[in-house]
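**Student:** Pasting a structure here, questions to come.
The values are calculated or read from the model by the stated rules, or taken from the named source; none is laboratory data. As the structure is a computational prediction, the values presented were derived from the model and not from experiment. All Cβ positions, even for glycine, are placed from backbone atoms using ideal geometry, and neighbour counts span all protein chains on display.
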């Protein structure tokens, strides 16, 4: 069975994380993703990593791609790129809004070459000319600080904190993929191309949709966080356990498991609102009870009855039976790194589900891709001789 996006060609000009991973998600469902890198490569390749010959994050964010090197700042490289656009379906970049026109890859220019092109321009803050931050550099951590995510963390220390793990970037990657998929459906219906405009700003605000509500009757700085309760991370005899027991059934199972069943019948605790109000009484009871067993033992004891999970590191995921059962772990063989394990696909479909491919080395597929797009050997040699391809 064919994969969902089989035959759809994506030209990926993005660097760092959000754009590249968004294109990798398209590759998960069958798109042919061609990563077009400048002569020095995606900047993420140069980021420090405990791997000696490659950046770990680059490997994880660039599965399902082939890499070619084109210098879009050269006339020859730009002309070669235009030939690729003529036979592509999607172009994705994450340049700041003022850059594409200078490079000759703005939407109007590329649409003249391919009228039904899906053009996705990922920015930090959006592209509207009235936006004061339009051309300001935008990174995951900056958007966390700008939009309130950092101020929502660290409430115990009164010190704003960054959420580790590039959460805004990965969330934005989903919107990159969703926007492009929506535009492809639009093209199927109308035959028209589309300019898709995701941004880190839009993604960071969407992460807080439940808090981004301001009623006319309340002050601007009203308490918006709904999660203040006895739910949370607790120390156990060994390790830490997260638990959340908000429904009546889960509350009963929690009380029975931890050894204070009398609280179930006590009218003081018979609604979630009451229990949240009395969280300072409940938390010490939970903390004391959890000293009896390790976090893993509690997880096994309450499995399926109480929403709880032992705290683990990402390193524990490579051989966890749940991930193995889901086929989430695959092994690749990389010319420099050697064998490495990584995730398979973010999207699992019932048919046409082909294996993922490893992240490419810089320019690994330049000749192969150019031949596929009709370049003759002498043309490829000329591009290399002029430094426009590598």
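**Student:** If you check 192, 223, which single one turns out to be touching a helix residue (DSSP H, G or I) at 6+ places or on another chain (Cβ under 9 Å) and in a loop (DSSP other than H, G, I, E, B)? Walk me through it before giving the result.
**Tutor:** On the way: 223 fails: touching a helix residue (DSSP H, G or I) at 6+ places or on another chain (Cβ under 9 Å).
None of the others qualify; the one that does is 192.
**Student:** If you scan segment 52-72, which residues turn out to be within 19 Å of residue 332 (Cβ to Cβ), in contact (Cβ under 8 Å) with a residue 24 or more places away in the chain and touching a helix residue (DSSP H, G or I) at 6+ places or on another chain (Cβ under 9 Å)?
**Tutor:** Initial filter on segment 52-72 (within 19 Å of residue 332 (Cβ to Cβ)): 52-67.
Still in the list and also in contact (Cβ under 8 Å) with a residue 24 or more places away in the chain: 53-54, 57-67.
The answer is 54, 57, 58, 60, 61, 62, 63, 64, 65, 66, 67.
**Student:** In addition: Name the residues in segment 333-390 that are free of Cβ contacts under 8 Å to residues at least 24 places away in the same chain, more than 26 Å from the chain's Cα centre (by Cα) and in a loop (DSSP other than H, G, I, E, B), would you?
**Tutor:** Scanning segment 333-390 gives a single hit, 376.
**Student:** In segment 321-330, is there at least one residue being within 28 Å of residue 7 (Cα to Cα) and touching a residue at least 24 places away in the same chain (Cβ under 8 Å)? Explain how you work it out, then say what you get.
**Tutor:** We begin by selecting, within segment 321-330, every residue within 28 Å of residue 7 (Cα to Cα); these are 326-330.
Among the residues that remain, those that are also touching a residue at least 24 places away in the same chain (Cβ under 8 Å) are: 330.
Looking for residues that are within 28 Å of residue 7 (Cα to Cα) and touching a residue at least 24 places away in the same chain (Cβ under 8 Å), one finds at least one in segment 321-330, hence yes.
**Student:** Looking for something out of contact with any helix residue (DSSP H, G or I) (no Cβ under 6 Å at 6 or more places or on another chain), outside any helix (DSSP H, G or I), surrounded by fewer than 16 Cβ atoms within 10 Å (Cβ to Cβ) and touching a residue at least 60 places away in the same chain (Cβ under 8 Å) - is there at least one such residue anywhere in segment 159-178?
**Tutor:** no
**Student:** Residue check: is residue 305 at negative phi and not assigned by TED's automatic domain parsing to the domain that holds residue 249? I'd like the intermediate steps shown before the answer.
**Tutor:** Numbers: at negative phi: yes; not assigned by TED's automatic domain parsing to the domain that holds residue 249: no.
Spelling it out, it is not the case that residue 305 is at negative phi and not assigned by TED's automatic domain parsing to the domain that holds residue 249.
**Student:** Limited to segment 137-154, what total is found for residues that are on the phi < 0 side of the Ramachandran plot, in contact with a helix residue (DSSP H, G or I) (Cβ under 9 Å, 6 or more places away or on another chain) and not in a helix (DSSP H, G or I)?
**Tutor:** Initially, segment 137-154 is screened for residues on the phi < 0 side of the Ramachandran plot, giving 137-147, 149-153.
This time we only want the ones that are in contact with a helix residue (DSSP H, G or I) (Cβ under 9 Å, 6 or more places away or on another chain), so: 138-147, 149-151, 153.
After this cut, where a residue has to be not in a helix (DSSP H, G or I) as well, the list is 138-139, 153.
Qualifying residue count, segment 137-154: 3.
**Student:** Can you tell me which residues in segment 339-390 are at pLDDT 95 or above and at positive phi?
**Tutor:** Within segment 339-390, 363, 374, 387 qualify.
**Student:** Right, another one. Being surrounded by 11 or more Cβ atoms within 10 Å (Cβ to Cβ) and either at pLDDT below 95 or in a loop (DSSP other than H, G, I, E, B) (or both) is the filter here, so list the residues in segment 195-220 that pass it.
**Tutor:** Kept after step one, since they are surrounded by 11 or more Cβ atoms within 10 Å (Cβ to Cβ), are these residues of segment 195-220: 195-208, 211-212, 214, 218.
Residues satisfying the conditions are 197, 198, 207, 208, 211, 212, 214, 218.
**Student:** Also: Assess whether residue 263 counts as being under 37 Å from the mean Cα position of the chain (by Cα) and on the phi < 0 side of the Ramachandran plot.
**Tutor:** Numbers: under 37 Å from the mean Cα position of the chain (by Cα): no; on the phi < 0 side of the Ramachandran plot: yes.
Considered against the rule, which asks whether it is under 37 Å from the mean Cα position of the chain (by Cα) and on the phi < 0 side of the Ramachandran plot, residue 263 comes out as no.
**Student:** State whether the residues of segment 34-51 include one that is under 30 Å from residue 350 (Cα atoms), in a strand (DSSP E or B) and either touching a strand residue (DSSP E or B) at 6+ places or on another chain (Cβ under 6 Å) or without any contact (Cβ under 8 Å) to a residue 40 or more places away in the chain (or both). Show your work before the answer.
**Tutor:** Within segment 34-51, the first condition is being under 30 Å from residue 350 (Cα atoms), and the residues that meet it are 34-35.
From what is left, the residues that are in a strand (DSSP E or B) are 34-35.
The next check asks that each one be either touching a strand residue (DSSP E or B) at 6+ places or on another chain (Cβ under 6 Å) or without any contact (Cβ under 8 Å) to a residue 40 or more places away in the chain (or both); those that pass are 34-35.
For segment 34-51, residues under 30 Å from residue 350 (Cα atoms), in a strand (DSSP E or B) and either touching a strand residue (DSSP E or B) at 6+ places or on another chain (Cβ under 6 Å) or without any contact (Cβ under 8 Å) to a residue 40 or more places away in the chain (or both): present.
**Student:** Same structure, new question: Somewhere in segment 302-310, is a residue at pLDDT 95 or above, in a helix (DSSP H, G or I) and farther than 26 Å from residue 64 by Cβ?
**Tutor:** For segment 302-310, residues at pLDDT 95 or above, in a helix (DSSP H, G or I) and farther than 26 Å from residue 64 by Cβ: present.
Here's the yes/no breakdown for (1) in a strand (DSSP E or B); (2) buried (at least 17 other Cβ atoms within 10 Å of the Cβ):
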site: 85; (1), (2): no, yes
site: 88; (1), (2): no, yes
site: 91; (1), (2): yes, yes
site: 95; (1), (2): no, yes
site: 102; (1), (2): no, no
site: 105; (1), (2): no, yes
site: 108; (1), (2): no, no
site: 115; (1), (2): no, no
site: 120; (1), (2): yes, yes
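**Student:** Considering 31, 18, 61, which residue is crowded, with 23+ Cβ neighbours inside 10 Å and in contact with a strand residue (DSSP E or B) (Cβ under 8 Å, 6 or more places away or on another chain)? Steps first, please.
**Tutor:** Working: 18 fails: in contact with a strand residue (DSSP E or B) (Cβ under 8 Å, 6 or more places away or on another chain); 61 fails: in contact with a strand residue (DSSP E or B) (Cβ under 8 Å, 6 or more places away or on another chain).
Step by step, each of 31, 18, 61 is checked, and only 31 is crowded, with 23+ Cβ neighbours inside 10 Å and in contact with a strand residue (DSSP E or B) (Cβ under 8 Å, 6 or more places away or on another chain).
**Student:** In segment 54-73, is there at least one residue being in a loop (DSSP other than H, G, I, E, B) and modelled with pLDDT under 95? Write out each step before concluding.
**Tutor:** Kept after step one, since they are in a loop (DSSP other than H, G, I, E, B), are these residues of segment 54-73: 54-55, 62-64, 71-73.
Still in the running and modelled with pLDDT under 95: 54.
There is at least one residue in segment 54-73 that is in a loop (DSSP other than H, G, I, E, B) and modelled with pLDDT under 95.
**Student:** Residues to consider are 31, 24, 2, 18; find the one that is outside the structural domain of residue 68 (by TED's automatic domain parsing) and either touching a residue at least 40 places away in the same chain (Cβ under 8 Å) or closer than 19 Å to residue 196 by Cα (or both).
**Tutor:** Values: 31 fails: outside the structural domain of residue 68 (by TED's automatic domain parsing); 24 fails: outside the structural domain of residue 68 (by TED's automatic domain parsing); 18 fails: outside the structural domain of residue 68 (by TED's automatic domain parsing).
From the options 31, 24, 2, 18, the qualifying one is 2.
**Student:** Could you say which residue among 254, 243 is within 30 Å of residue 348 (Cβ to Cβ) and in contact (Cβ under 8 Å) with a residue 40 or more places away in the chain?
**Tutor:** On the way: 254 fails: within 30 Å of residue 348 (Cβ to Cβ).
Criteria check complete, one pass: 243.
**Student:** Would a scan of segment 165-175 turn up a residue that is within 30 Å of residue 370 (Cβ to Cβ) and at pLDDT 95 or above?
**Tutor:** So the first thing to find is which residues in segment 165-175 are within 30 Å of residue 370 (Cβ to Cβ), and the list is 173.
Imposing the further condition that a residue be at pLDDT 95 or above reduces the set to 173.
The answer is yes; a qualifying residue exists.
**Student:** Now for a separate question. In this structure, is residue 139 under 19 Å from residue 84 (Cβ atoms), assigned by TED's automatic domain parsing to the domain that holds residue 196 and at pLDDT 95 or above?
**Tutor:** Working: under 19 Å from residue 84 (Cβ atoms): no; assigned by TED's automatic domain parsing to the domain that holds residue 196: yes; at pLDDT 95 or above: yes.
For residue 139, the condition - under 19 Å from residue 84 (Cβ atoms), assigned by TED's automatic domain parsing to the domain that holds residue 196 and at pLDDT 95 or above - is not met.
**Student:** Quick check: anything in segment 276-292 closer than 30 Å to residue 173 by Cα, assigned to a helix (DSSP H, G or I) and touching a strand residue (DSSP E or B) at 6+ places or on another chain (Cβ under 7 Å)? Step through it out loud before you land on a result.
**Tutor:** Filtering segment 276-292 for residues closer than 30 Å to residue 173 by Cα gives none.
No.
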